[in-house]
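Taking it in order: structure first as structure tokens, then the write-up.
The values are calculated or read from the model by the stated rules, or taken from the named source; none is laboratory data. Just so you know, these numbers come straight off a predicted model, no measurement behind them. Backbone-built Cβ (ideal geometry, glycine too); neighbour counts: all protein chains shown.
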Amino acid sequence: MQISFNIDEELKKCKTIEELTGKNGLFKRMLKEITEQILDAELSHHLGYEKYL
């Protein structure tokens, strides 16, 4: 599973600190994406197969 957005492009769009660290900021979206990837990998490892296969 890959991150669903280009980090370099998203960073270029951020003009204020709020766009980086705010309620819907880039850091929060990145943390959410990474956490979901970790949980998916952990579940796949525990079950012995990947989701949706």
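The requirement of being on the phi > 0 side of the Ramachandran plot and either at pLDDT 85 or above or surrounded by fewer than 12 Cβ atoms within 10 Å (Cβ to Cβ) (or both) is satisfied by Gly48. Note on the stretch 31-52: residues that are outside any helix (DSSP H, G or I) and touching a Ser or Thr at 6+ places or on another chain (Cβ under 9 Å) amount to 2.
For the stretch 1-30, give me the residue count where each residue is more than 23 Å from Glu50 (Cβ to Cβ) and assigned to a helix (DSSP H, G or I).
Within the stretch 1-30, residues that are more than 23 Å from Glu50 (Cβ to Cβ) and assigned to a helix (DSSP H, G or I) number 16.
Within the stretch 10-34, residues that are hydroxyl-bearing (Ser, Thr, Tyr) reach partners that are loosely packed, with under 14 Cβ neighbours inside 10 Å with beta carbons closer than 6 Å, at six or more positions or on different chains, in the pairs Thr21/Phe27.
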